[in-house]
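See below for the structure under consideration.
The values are calculated or read from the model by the stated rules, or taken from the named source; none is laboratory data. What you are looking at is a predicted structure, and each value in this text was computed from that prediction instead of being measured. FYI the Cβ positions are ideal-geometry reconstructions off the backbone, even for glycines, and counts take in every protein chain you see. Surface areas here come from the heavy atoms of the whole protein model, side chains and all, with no ligands, DNA or RNA. Shrake-Rupley method; radii C 1.70, N 1.55, O 1.52, S 1.80 Å.
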Amino acid sequence: YPISGIFEGTVFYDGGEIKADGLNLGFGYRHAAGVGLVVNTPVGPLNLELGFKLNQKSGESPNAFHLSFGLF
């Protein structure tokens, strides 16, 4: 979502599960939602995101910060 000039905001949902035949990894389906800020620089976007774990496990932090540069 455009904010102003080179700044954009994001909202996201992410989820997934790891499965392998004959192997119980014990993770199950995990999901998170969050917000982010994108700064469109001349050499590519700088992404700052904060996600909130929707099914947090005991001993885990309730959120996670992610920083990335470029397109992926």
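Some points to look at:
- Inter-probe distance in nm under a simple model that places probes 7 Å from Cα toward Cβ, at Asp14 and His66: 0.2
- Rounded to the nearest 20, the size of the Cβ-charge dipole of the chain about its Cα centre is 120 debye, with Lys and Arg at +1 and Asp and Glu at -1.
- Per residue accessible area in Å² of the chain, where ligands, DNA and RNA are left out and the probe is 1.4 Å: 75
- Positive dipole terminus of the chain, leading residue within Leu25, Phe69, Thr10 (C-beta point charges): Leu25
- Under 5 Å between amide hydrogens, built in the peptide plane, is the criterion, and for Leu54 it picks out His31, Ala32, Ala33 among residues at least 5 positions away or on other chains.
- Across the chain, Cα pairs under 8 Å and at least six residues apart give a relative contact order of 25 percent.
- The fraction of accessible area contributed by carbon and sulfur in the chain is 63 percent, rounded to a whole number (1.4 Å probe; ligands and nucleic acids excluded).
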